[in-house]
1. Are any residues in region 151-183 within 20 Å of ASP127 (Cα to Cα), outside any loop (DSSP other than H, G, I, E, B) and of a type in the set (Val, Ile, Thr), and if so, which ones?
2. Would you say SER136 is hydroxyl-bearing (Ser, Thr, Tyr), in contact (Cβ under 8 Å) with a residue 40 or more places away in the chain and not assigned by TED's automatic domain parsing to the domain that holds SER68?
3. Applying the selection to region 6-16, what residues are surrounded by 15 or more Cβ atoms within 10 Å (Cβ to Cβ) and over 14 Å from ASP61 (Cα atoms)?
4. With the condition kept exactly as written, say whether any residue in region 137-150 is in a loop (DSSP other than H, G, I, E, B) and out of contact with any His (no Cβ under 7 Å at 6 or more places or on another chain).
5. Looking for whichever is of a type in the set (A, V, I, L, M) and free of Cβ contacts under 8 Å to residues at least 12 places away in the same chain here; the options are LEU98, LEU86. Which one fits?
6. Could you figure out which of (1) modelled with pLDDT of 90 or more; (2) aliphatic (A, V, I, L, M); (3) in the same structural domain as LEU11 (by TED's automatic domain parsing) isn't true of VAL149?
7. Within region 1-87, considering only helices (runs of 4 or more DSSP H) that don't extend past its boundaries, which have at least 3 residues that are touching a strand residue (DSSP E or B) at 6+ places or on another chain (Cβ under 6 Å) and not assigned by TED's automatic domain parsing to the domain that holds LEU152?
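The values are calculated or read from the model by the stated rules, or taken from the named source; none is laboratory data. Note that the structure is predicted; figures quoted are calculated from it, not measured. Don't worry about glycine lacking a Cβ; one is built from the backbone with ideal geometry, like all the others, and counts go over all protein chains shown.
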Amino acid sequence: MNCIIVDDDKLSCKILEGYVNKYTSLNLIGSFCDSVSARNELAQRKDIDLVLLDILMPEMDGFDFMGSLDNPPNIIIVSAAEEFALRAFEFNVVDYLLKPISYSRFCKAIDKTIRYFSRKETTRTGDEEIFIKKGSSLVKLKIKEIVFVEALENYVTLNTNSDKYTIHFTMKAIESQLPSSVFIRVHRSFIINKSMIQAIKENSLDIIIGNTVKNVPVGKSFKDGLLNDINVMAR
């Protein structure tokens, strides 16, 4: 799993680099003393799976950094400040480590991340059922019945052929819950059910919703992933 360290504390960086190098499943891509440089690296590379991130940094703090990313990788916060933990988990970070960090605590956080990152999607077909709150009731819904997911500020809408459900979730969180064998993210604001694709255009695609066709934008950073996925499906 490729990772980067983002921390303006040089001693903390050295300790984390040592921990990463000990852990055989991690590959350190680089260490950055500011969020701006780290963000530029993430923009250029799509193979970074984990960020070890401090909160208090110059120019752009850890929260601004996370909020600036359209499709953030797994993030573990590494901070000396305990009071930011609650806010950090609102960004769906995998773990929150308080400095000074022991190697055993570091390993526990990485093990958790690998379980999350390596979840076997191939065993999931979309037949699983979930319960979604609608008004004062809980409605049962098969995952594969979701046609597309759309971001709406701090909420997402799950759209089926006949209904729409609004829940308090982030796109990152909902994407992690949907099987990649069935769904793919095509835009910062859209995840679609691959079986509903009717046509792929230059900067958009058409999906079937009941008896109608909806045009969904395709983001530049998601286009290659979409085409590669379709190629695999077509073999």
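1. Matches in region 151-183: THR157, ILE174.
2. In short, no.
3. If the condition is that a residue be surrounded by 15 or more Cβ atoms within 10 Å (Cβ to Cβ) and over 14 Å from ASP61 (Cα atoms), then SER12, CYS13, ILE15, LEU16 are the ones that fit.
4. Yes, region 137-150 contains at least one residue that is in a loop (DSSP other than H, G, I, E, B) and out of contact with any His (no Cβ under 7 Å at 6 or more places or on another chain).
5. It is LEU86.
6. Only one criterion in (1) modelled with pLDDT of 90 or more; (2) aliphatic (A, V, I, L, M); (3) in the same structural domain as LEU11 (by TED's automatic domain parsing) is unmet by VAL149, namely (3).
7. In region 1-87, 10-22 are the helices (runs of 4 or more DSSP H) which contain 3 or more residues that are touching a strand residue (DSSP E or B) at 6+ places or on another chain (Cβ under 6 Å) and not assigned by TED's automatic domain parsing to the domain that holds LEU152.
Residues are listed down the side, and each one gets a yes or a no for (1) out of contact with any helix residue (DSSP H, G or I) (no Cβ under 8 Å at 6 or more places or on another chain); (2) buried (at least 17 other Cβ atoms within 10 Å of the Cβ):
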residue: SER137; (1), (2): yes, no
residue: ASN154; (1), (2): yes, no
residue: ASN159; (1), (2): yes, yes
residue: LYS164; (1), (2): yes, no
residue: PHE169; (1), (2): yes, yes
residue: VAL182; (1), (2): no, yes
residue: ASN193; (1), (2): no, yes
